[in-house]
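The values are calculated or read from the model by the stated rules, or taken from the named source; none is laboratory data. Small disclaimer: the values here were computed from a predicted structure and weren't measured. Cβ: placed from backbone, ideal geometry, glycine included. Neighbour counts: every protein chain shown.
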Amino acid sequence: MAESVQKQTRILRALGLCARARRMIFGVPMLCDAMQAGKAPLLVLEAADTSNNTHKRLGDKCAYYHVRSVRLELDAQDLAHAVGKTAALAAVGITDENMCRLIEGALSPDAQ
């Protein structure tokens, strides 16, 4: 149980760092627009409580544009809070390779 809380804390901190570095795309519409414009993010992180339609839309876009997608254990409100937004946020995209590695390290099950 404590490992799960530590993992979520690492993810939240990494997301906050990415947001402060301005290496993030916020929201499903902006993510889809960026992918269509040829500026696809390297990693898409989706909140756990997104609707089936949103999940399918993101999944299809990510598969088509070959972008890795991860569904987090966080809900949309926690995701928004982590990146400094007030309204619920269904998904974010990481645009920097180093920040992407940081997030993937926090997502890995063996991360310390």
Residues satisfying the stated conditions in the stretch 34-78, i.e. charged (D, E, K, R), in a loop (DSSP other than H, G, I, E, B) and more than 25 Å from Asn98 (Cβ to Cβ):
Asp49, Asp75
Please find, among Ala76, Ala87, the residue that is at pLDDT below 95 and within 12 Å of the chain's Cα centre (by Cα).
Ala76
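Okay, residues lined up against (1) under 28 Å from Glu3 (Cα atoms); (2) surrounded by fewer than 16 Cβ atoms within 10 Å (Cβ to Cβ); (3) in contact with a Gly (Cβ under 8 Å, 6 or more places away or on another chain):
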| position | (1), (2), (3) |
| --- | --- |
| Leu15 | yes, no, no |
| Ala21 | yes, yes, no |
| Ala37 | no, yes, no |
| Val44 | yes, no, yes |
| Ala47 | yes, no, no |
| His66 | no, yes, no |
| Leu102 | yes, no, no |
Among the candidates Arg71, Arg22, Arg10, single out the residue that is of a type outside the set (S, T, N, Q) and without any contact (Cβ under 8 Å) to a residue 12 or more places away in the chain.
Arg22
